[in-house]
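K.L.:
Sharing a structure here in structure tokens format.
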Amino acid sequence: MLAETACFAQLYQKPALLPFALTGFALSRALGGREIVALPCAKESGLAHLFAEGSDKKAVAATLLLETAVLFAAAVLWLRASPGGVGAVCVGALVLLAGYWLHGRLCRDVFGGITGDLAGFFISLAELFCLFFAAVGGLSL
């Protein structure tokens, strides 16, 4: 919470990359939702299992992947006038995708699959990463 407050304080001072920070909230939820339908569930109870088993996994995964691509494209288009901003968004996107992949491996290898708590942890961390790269990238503009 303290790190998010610090990032928002920096964005208040230099709001050039605020669109990426705001896009990051939707982006983190799209990736977190994709984890729930793309990874096996760690246990046979809980909300993650209920949502995963009650959905058309292929359709939901494809829709969330499309939403992720549209959000990345929107963030880059909003910032195309500032080359430093596009670089920060691209680096932030790569870190976010690497974190998505690493989190998925961790969930499978250590926990045997995804749970709602693990998905929530990823969403919170992804939001913080987006805020961080927007705040740090704004310093260079």
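K.L.:
In the set L125, L106, which member is within 28 Å of A6 (Cα to Cα), assigned to a helix (DSSP H, G or I) and not acidic (D, E)?
P.N.:
It is L125.
K.L.:
Could you list, in sequence order, the residues of region 17-46 that are under 20 Å from the mean Cα position of the chain (by Cα) and open to solvent by 50 Å² or more (accessible area, probe 1.4 Å)?
P.N.:
L18, L22, F25, R29, R34, A38, P40
K.L.:
Working carefully through the options A69, A74, A52, A93, find the one that is more than 16 Å from S140 (Cβ to Cβ), assigned to a helix (DSSP H, G or I), among the hydrophobic types (A, V, I, L, M, F, W, C) and touching a Ser or Thr at 6+ places or on another chain (Cβ under 7 Å).
P.N.:
After ruling out the rest, the residue left standing is A74.
K.L.:
Something else about it: On the given criteria, is A59 surrounded by 14 or more Cβ atoms within 10 Å (Cβ to Cβ), more than 20 Å from I123 (Cα to Cα), among the small types (G, A, S) and out of contact with any Pro (no Cβ under 6 Å at 6 or more places or on another chain)?
P.N.:
Spelling it out, it is not the case that A59 is surrounded by 14 or more Cβ atoms within 10 Å (Cβ to Cβ), more than 20 Å from I123 (Cα to Cα), among the small types (G, A, S) and out of contact with any Pro (no Cβ under 6 Å at 6 or more places or on another chain).
Rundown of residues vs (1) open to solvent by 70 Å² or more (accessible area, probe 1.4 Å); (2) modelled with pLDDT of 90 or more, yes/no style:
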| position | (1), (2) |
| --- | --- |
| G87 | no, no |
| G92 | no, no |
| L97 | yes, no |
| G104 | no, yes |
| C107 | no, yes |
| G112 | no, yes |
| D117 | yes, yes |
| G120 | no, yes |
| S124 | no, yes |
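K.L.:
Being modelled with pLDDT of 90 or more, hydroxyl-bearing (S, T, Y) and over 21 Å from S124 (Cβ atoms) is the requirement here; does T5 meet it?
P.N.:
No, not satisfied.
The values are calculated or read from the model by the stated rules, or taken from the named source; none is laboratory data. Quick caveat: nothing in here was measured; it's all calculated off a predicted structure. Heads up, the Cβs are rebuilt from the backbone with ideal geometry, glycines too, and the neighbour counts pull from every protein chain shown. Protein only, heavy atoms only, side chains kept; ligands, DNA and RNA dropped before computing areas. Shrake-Rupley method; radii C 1.70, N 1.55, O 1.52, S 1.80 Å.
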